[in-house]
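Down below is the structure, laid out as structure tokens.
The values are calculated or read from the model by the stated rules, or taken from the named source; none is laboratory data. Note that the structure is predicted; figures quoted are calculated from it, not measured. Cβ placement follows ideal geometry from the backbone for every residue including glycine, while neighbour counts extend to all protein chains displayed.
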Amino acid sequence: MPELPEVETVVRGLRAVLPGRRIMAVRLGKTDFIDDPAALERELPGKKITTVRRVGKFLLFDLESPDGATPESSLLVHLGMTGQLMISAPEVPVPAHTHAFFGLDDGRELRYTDIRRFGRIAFLANGTQQVALGKLGIEPLEATEEQFVEKLRGRRARIKSVLLDQHVFRGIGNIYADESLWRAKIHPMQVAGNFSRKEVRALHRAVQSVLNEAIRLRGSSVSDYVDADGQRGLFQQRHRVYQREGKKCPRCGATIRRIIVGGRSSHFCPQCQRAPRGTAAGDRGGGGKGSKGGGGSRGRGG
């Protein structure tokens, strides 16, 4: 958390108010998650925000170039696990663990709060955005069925791991991988390269349907996530398998189970999502020793 729908919701909220606003001052608290804090304090004051956009799970605040011809610089923000970005009036009480304040020309502040500080903030000089973001995969909301086919072709990894690989599909995390696989009736242990065209088509539709529905409902608030206005999302009320171990599948009534795939917890219905042949008994049921424990912590890039 947050994943693509949550980040997209935050971006849309900020995009409605920030473009055209000028950053007047920068004030920082703890800076261990910030790339070169001095660069933020030196470069941001006086810069006008031209656009706010999402790339995978990253937020980018594009800033005007001095001459209007050179590439824009950007402020990059990754929310990590517990990061929050909100616009507040200066007199609004500051939440604990607020580590960055960006004073705007209308008197308000863009505040970054992060309890665990697994996020990331960086100033990206002109033309360095691509290098800083690294080699990200395709945007799942824009990907065609043919692109899904190409991305899965020949892969020996389990489909759950492939969906979480940001070099393959950028922005998908644990929640929406589980929900998409359930909707497509695909077991998380299935080898990605073994998919039939019918299964690829079902997964492509499921991923886009789940992500778009989650965006409409402003994301999932299962932990610390709130949008740019401080409001919780609603998609957690539509979760069918994620964190529902031991509850009944809403489609067939079987008991939802959990296994570990690639070090991450994976929730699925053993009746709707049949395990591939040759899968170990413990992986089929998910209730044995291998299903204990969490899915591991998520780093700054995750």
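Identification of strands (runs of 3 or more DSSP E) wholly contained in the range 1-107 with 2 or more residues that are surrounded by fewer than 21 Cβ atoms within 10 Å (Cβ to Cβ), aliphatic (A, V, I, L, M) and modelled with pLDDT of 95 or more yields 23-28.
Any idea which of V162, V222, V131, V226 is assigned to a helix (DSSP H, G or I) and at pLDDT below 95? On inspection, the qualifying residue turns out to be V131. Considering the conditions (1) touching a residue at least 40 places away in the same chain (Cβ under 8 Å); (2) over 30 Å from L110 (Cβ atoms); (3) in contact with an Asp or Glu (Cβ under 9 Å, 6 or more places away or on another chain), R257 is excluded by exactly one of them, (1).
Mind counting the residues in the range 152-169 that are buried (at least 17 other Cβ atoms within 10 Å of the Cβ), charged (D, E, K, R) and touching a strand residue (DSSP E or B) at 6+ places or on another chain (Cβ under 7 Å)? Here the count works out to 2. When restricted to residues that are touching a residue at least 24 places away in the same chain (Cβ under 8 Å) and within 14 Å of the chain's Cα centre (by Cα), the range 191-232 contains 15. If the condition is being part of a strand (DSSP E or B) and crowded, with 23+ Cβ neighbours inside 10 Å, then the range 262-273 contributes S266, H267, F268. Any idea which of E213, E179 is out of contact with any Ser or Thr (no Cβ under 8 Å at 6 or more places or on another chain), of a type in the set (D, E), farther than 13 Å from E6 by Cβ and surrounded by fewer than 21 Cβ atoms within 10 Å (Cβ to Cβ)? So the residue among E213, E179 that is out of contact with any Ser or Thr (no Cβ under 8 Å at 6 or more places or on another chain), of a type in the set (D, E), farther than 13 Å from E6 by Cβ and surrounded by fewer than 21 Cβ atoms within 10 Å (Cβ to Cβ) is E213.
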